[in-house]
Structure formats: structure tokens, C-alpha cells
Amino acid sequence: MQNLIKFTIIIILLSQSSTVFSQVLKVNNGISISSVKSKKGDMLSKSMSAYSFSLGVDYLEKEHFYLSSEIGYLKKGGKEENEYLPEPYTNVKETWNYIHLNTTIRYPIRVQEVTHFFIGAGPALDILIDSKKFKTSIYEGYELETIVPGLKGELGFMQDWNNIRFGLNFSYIYDLNKTAKTEFNSLKNNIYQVMFSIGYRIK
């Protein structure tokens, strides 16, 4: 797993640094929908939504593919309702803040010269910028992983207007290792995103 993490970091950082080939610089804003999958039992499995933001670049654009790299802010977590616990634990919400990086290879389906749909996939990496401890005392003993490698799948739509590019992106981020753990249990996150983007073509 350590080798996988190192490989993911190298691939993403190399992609993020490839501005010499950049074609479209972009800003993404949208919503992430997150829930937790527990290896044992049902814990924080109800979905929560949060704001997401990233900066990115689309580059190496060819007829049948191009690359897209992004770095931004991502909030993960989940909610839980348990009527058998005393207040204030009947309704619990845990959230964690991350720096999120990803690079995907996209296959464009062109409708017109300035309009295309796309599907894409590639590596992702989440770096924790929060405390490693859970905020709610009933989860005492759980500890968050600092680095979580993952995979990102996406589909979307892009429209170019002169040097401006507008876009809409739907994606799913799959964590390759645990988000948090104790001696007896482990947790993973499920993340869906809907992002709107606006970019400017510089080459």
C-alpha cells in the first residue's frame, strides 16, 4: 500500500506540474455528497452534502483524449441517527477536511467542434488537513488516515465559446484504503460530486 501511495503522489504531482502543456485553466465549484461505509455495523452511513472547490487545467488535448488535473478542497463525512442513544448522540454528524488532488484521462465525444461530452478516469489523492481524532466522544478510539489514495470516475459536458470553456461534471471518488480505523473496525468514504466549471484557454 505504501508503494501505491507513493506512485499515486508521483503521478498526480507530475501532472499538476505540466503547465507547459496547459491549454485551459479552470475553476470548479459544486457539491460533494458523502457517506461512510463501515466494515462492521452501520456507522455514519447517512449522506451529507458540502461545498467543494478546485483549480484545474485541461491539457495535452488530442482528437481522442486529453488530460485534466485538479487540486482543491473536499469535505468528507457522514451522519448517523440512533434513537437508542442519549442526547446529544441521537443525531450525530462527523466531517473532515481534505486537500484533494486528481488527474484523469478523458475521452471526448464531440457533438460539434466547440461542444463535447466526455468520460474519464484516473488516480486521486486526499490529504487530511483536520485533526486525526473524531469530534464526537462516542467514536473515541477512531483515528483518521492522513493520506487516502483513490480512483476517480467521471462524466460530463463541455462547451467552448471563443477562449472560454464552460463545463458540468458528475464524478465518483473511490477510496483505495481506509479513511479511519480502530483496532476492531475500519471505515471508508463514498463521495459523489456535481461540479460546474469555467475556464480560459491560454494556448
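Throughout, read-outs are computed from the coordinates displayed, never taken from laboratory work. Bear in mind the structure is a predicted one, so any value in this text is a computation, not a measurement. As a convention, Cβ positions derive from the backbone with ideal geometry for all residues, glycine included, and neighbour counts pool all protein chains shown.
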(Q) Counting C-alpha atoms alone, how compact is the chain: give Rg to one decimal and Dmax as a whole number, in angstrom. (A) 18.5, 60
Q | With 5 Å bins from 0: P(r) over the stretch 22-61, alpha-carbon pairs, percent | A | 6, 19, 15, 13, 12, 12, 10, 8, 5, 1
Q) Taking the Cα centre of the chain as the origin and placing charges on Cβ (Lys, Arg +1; Asp, Glu -1), which of 117, 180, 44 is farthest toward the positive end of the dipole? A) 117
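So how do 195, 48 line up by other beta-carbon neighbours within 10 Å, fewest first? Don't skip to the end; give the middle numbers.
Working: 195 24, 48 18.
Listing 195, 48 from fewest to most nearby Cβ atoms yields 48, 195.
Most exposed first by the Cβ proxy, i.e. fewest other Cβ within 10 Å, how do 61, 80 rank? Each step should come with its number before you reach the end.
On the way: 61 17, 80 22.
Lowest to highest Cβ neighbour count: 61, 80.
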**Q.** Cross-link reach list, aspartates and glutamates versus residue 37, counting only Cα pairs under 16 Å and skipping chain neighbours closer than eight places
**A.** 80, 81, 94, 143, 145, 175
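Starting from the Kirkwood radius over alpha-carbon pairs of the stretch 109-191, derive D by Stokes-Einstein at 4 °C in a medium of 1.567 mPa s and give it in µm² s⁻¹. Write down the numbers at each step before the final one.
Numbers: Rh = 15.4 Å.
The calculation lands on 84 µm²/s.
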Q) Taking +1 at the Cβ of each Lys and Arg and -1 at the Cβ of each Asp and Glu, which of 150, 137, 199 sits farthest along the dipole of the stretch 137-203 towards its positive end, judged by Cα position relative to the Cα centre? A) 199
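Please state the charge dipole magnitude for the stretch 73-148, taken about the Cα centre, from unit charges on C-beta atoms (+1 on K and R, -1 on D and E), reported in debye and rounded to the nearest 20. Don't skip to the end; give the middle numbers.
Values: 9 positive and 11 negative charges, 85 e Å.
The calculated dipole for the stretch 73-148 is roughly 400 debye.
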Q. What is the fewest-to-most order of 73, 98 by other Cβ atoms lying within 10 Å of their Cβ?
A. 73, 98
Q: State the number of lysine pairs found in the stretch 133-203 whose Cα atoms come within less than 24 Å, restricting to pairs 8 or more positions apart or on distinct chains.
A: 10
Q. Using alpha-carbon pairs under 8 Å, 6+ residues apart, how would you state the relative contact order of the chain in percent?
A. 22
**Q.** Segment residue 127-residue 192, extension gain: residue separation times 0.36 nm, minus the distance between their alpha carbons
**A.** 21.6 nm
Q: Using the Cα centre as the reference, give the magnitude of the dipole from point charges on the C-beta atoms of the chain (Lys, Arg: +1; Asp, Glu: -1; all else neutral), rounded to the nearest 20 debye.
A: 300
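Give me the dipole magnitude in Debye, nearest 20, for the stretch 102-190 about the Cα centre, with unit charges on the beta carbon: positive for Lys and Arg, negative for Asp and Glu.
Details: 10 positive and 10 negative charges, 14 e Å.
For this selection, approximately 60 debye.
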